[in-house]
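Trainee: Here you go, one structure.
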Amino acid sequence: MGRWLASTLLLGAALLLGLLVQGPALIAADVALATPVLLRADAAPPALIAFMQGISWFGGGIPRWTLALFLVALLWRKAGRRPALLLACTAVAANLASSVLKNIFDRPRPSLIPHLDQVSSWSYPSGHATSVTAIALLLALLAPRPWRRVAAWCAAAAILSTALSRVMLGVHWPSDVLGGTMLGAAFAFAAAGTDRRVRR
């Protein structure tokens, strides 16, 4: 019940934040939080820009799904079919939910600096943050017990670095990645709750 409650609260918070992102107070807060970390092409070290672009690259498109399939196969081998299928379904569902909510909230992308990554959709919630959180957090929750601590640290690093890269590259507001992280976590906790209920 605890994981289902966490999922419900996180989903509600992500939807509520989506209703508030166009407000002047939140926009001002986003600008204040994003400005100090933005990477400007004419001032930031090229190696740092490339590093953040690499992190972002792993969180989207073909690299994301390739990594997800690898993790599904690994989980299938180490924990069984049910957790692996849950991870696969959660990855797809979280990505679809993010795409639908982008079109509902239709928030424009930031224009504080020229974008350092290609974008073609609305801004809220961050699809990268949603998918990476859903996959990484659920993997940590479903991993066999001896691997759980390592998986949790890896999940935290993946979630935080992906969120930070999207803001630093100028393609998302901080509230976008916060909303995406909450949305992805909602799907992860729901799937983990389902796994626990089935096992019982």
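The values are calculated or read from the model by the stated rules, or taken from the named source; none is laboratory data. All figures in this text were calculated on a predicted structure; none of them were measured in a lab. In this analysis, Cβ positions are derived from the backbone assuming ideal geometry, glycine residues included, and neighbour counts consider all displayed protein chains. Areas reflect the complete protein model, heavy atoms only, side chains present, ligands, DNA and RNA absent. Shrake-Rupley method; radii C 1.70, N 1.55, O 1.52, S 1.80 Å.
Trainee: When only residues in segment 1-36 that are of a type in the set (A, V, I, L, M, F, W, C) and closer than 14 Å to Gly170 by Cα count, which is surrounded by the fewest Cβ atoms within 10 Å (Cβ to Cβ)?
Mentor: The residue in question is Ala32.
Trainee: Does at least one position in segment 6-21 carry a residue that is at pLDDT below 90 and out of contact with any strand residue (DSSP E or B) (no Cβ under 9 Å at 6 or more places or on another chain)?
Mentor: Taking every residue of segment 6-21 in turn, none turns out to be at pLDDT below 90 and out of contact with any strand residue (DSSP E or B) (no Cβ under 9 Å at 6 or more places or on another chain).
Trainee: When you scan segment 13-25, do you find a residue that is over 28 Å from Ala190 (Cα atoms) and among the hydrophobic types (A, V, I, L, M, F, W, C), even just one?
Mentor: Among the residues of segment 13-25, at least one is over 28 Å from Ala190 (Cα atoms) and among the hydrophobic types (A, V, I, L, M, F, W, C), which makes the answer yes.
Trainee: Take segment 37-68 and flag every residue that is surrounded by fewer than 15 Cβ atoms within 10 Å (Cβ to Cβ), charged (D, E, K, R) and in contact (Cβ under 8 Å) with a residue 12 or more places away in the chain.
Mentor: Within segment 37-68, Arg40 is the sole residue that qualifies.
Trainee: Same structure, new question: Pairs only if they're at least six apart or on different chains, beta carbon under 8 angstrom, first in segment 86-109 and free of Cβ contacts under 8 Å to residues at least 12 places away in the same chain and open to solvent by 30 Å² or more (accessible area, probe 1.4 Å), second in a helix (DSSP H, G or I) and of a type outside the set (S, T, N, Q); list them, first residue then second.
Mentor: Hits for this filter: zero, empty list.
Trainee: So, one more: What are the pairs with Cβ atoms under 7 angstrom where one residue, in segment 5-34, is over 27 Å from Ile113 (Cα atoms) and the other, located anywhere, is of a type in the set (Gly, Ala, Ser)? Sequence gap at least six, or different chains.
Mentor: That search, which allows pairs on different chains as well, returns Ser7/Ala186; Ser7/Ala190; Ser7/Gly193; Leu10/Ala185; Leu10/Ala186; Leu11/Ala186.
Trainee: Here's a follow-up. If you scan segment 110-148, which residues turn out to be open to solvent by 70 Å² or more (accessible area, probe 1.4 Å), among the aromatic types (Phe, Trp, Tyr) and within 19 Å of the chain's Cα centre (by Cα)?
Mentor: Within segment 110-148, just Trp122 meets the criteria.
Trainee: Please tell me if Ala151 is surrounded by fewer than 23 Cβ atoms within 10 Å (Cβ to Cβ), in a helix (DSSP H, G or I) and at pLDDT 95 or above.
Mentor: Taking the combined requirement at face value, the residue does not satisfy it.
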